[in-house]
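The values are calculated or read from the model by the stated rules, or taken from the named source; none is laboratory data. All values reported here derive from a predicted model rather than from experimental measurement. For neighbour counting, all protein chains shown are included, and Cβ atoms are generated from backbone atoms with ideal geometry for every residue, glycine included.
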Amino acid sequence: MIELLVVIAIISVLASAIIVAINPAERIREARDAKRKSDTGQIVNALQAYYAAYGRFPLENLCDSSKGTTTTGSICFYSSNNPPAGTDWSTTSGIYQLVTQGFIKRLPIDPKNTGNYAINDSYYYRYEPVPTSLQITDATEQCGKTGEDICAYYYIAARLEYQGGAYTWRCGDRPNMTNPVGCREVPYTIQQN
């Protein structure tokens, strides 16, 4: 009987050590980050196909994100106190043309798709096209409106849970980005660059 209790105790200790070593919460965060990278890759492929067909990227509202869209206020930085309050991409946003024109079946949404900056829980995808002039200011970041430059460049951002949300997975093709064009992890405070 004592031998059985000793074996059960040893198995319990080993099982606890394995669970601690595996760290399931960390593996879940890594899986969500991998999905974010895959999802943004799908959007990038659809954007490139759209550009090949029309010679420009889709228009935007002031903030187009997987939490919806807004046309007033500040753009949708992850550090914003007022991200869009929706739960999916707006069917009236410019990027939704990727769906209506058949370039992608459905615009993916972030695995968490939250926007609570107060508790450091802002995770959603955002789309920003950039005019040929490469002029970007927070208040007038729109392109393709009447009399303005076409949307010639873009970036897609997805905040990662890696290192407590300090990084963003950003894909973009703007030639004056601080970080080289393409898809890479950048500090989320400089997601545009």
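In summary, Glu141 fulfils each of the numbered conditions (1) closer than 25 Å to Lys37 by Cα; (2) surrounded by 21 or more Cβ atoms within 10 Å (Cβ to Cβ); (3) at pLDDT below 80; (4) touching a Leu at 6+ places or on another chain (Cβ under 8 Å) with the single exception of condition (2). Filter the range 1-51 down to residues that are at pLDDT 90 or above, small (Gly, Ala, Ser) and either surrounded by fewer than 14 Cβ atoms within 10 Å (Cβ to Cβ) or over 23 Å from Leu98 (Cα atoms) (or both), then give me how many there are. Final tally of qualifying residues: 3.
Examine the range 48-59 for a residue that is of a type outside the set (Lys, Arg) and over 18 Å from Ile95 (Cβ atoms), and state whether such a residue exists.
So the first thing to find is which residues in the range 48-59 are of a type outside the set (Lys, Arg), and the list is 48-55, 57-59.
Still in the list and also over 18 Å from Ile95 (Cβ atoms): none.
The answer is no, given that none of the residues of the range 48-59 is of a type outside the set (Lys, Arg) and over 18 Å from Ile95 (Cβ atoms).
All conditions but one from (1) crowded, with 18+ Cβ neighbours inside 10 Å; (2) modelled with pLDDT of 85 or more apply to Gly102; the one that does not is (1). Among residues of the range 84-107 that are within 18 Å of Ser122 (Cβ to Cβ), those with a Cβ under 9 angstrom from a residue that is surrounded by fewer than 19 Cβ atoms within 10 Å (Cβ to Cβ) and among the β-branched types (Val, Ile, Thr), sequence gap 6+ or separate chain, pair up as Thr87/Ile109; Asp88/Ile109; Trp89/Val99; Trp89/Ile109.
Taken over the range 146-183, the criterion of being modelled with pLDDT under 75, polar (S, T, N, Q) and in contact with a Lys or Arg (Cβ under 9 Å, 6 or more places away or on another chain) is satisfied by Asn179 alone.
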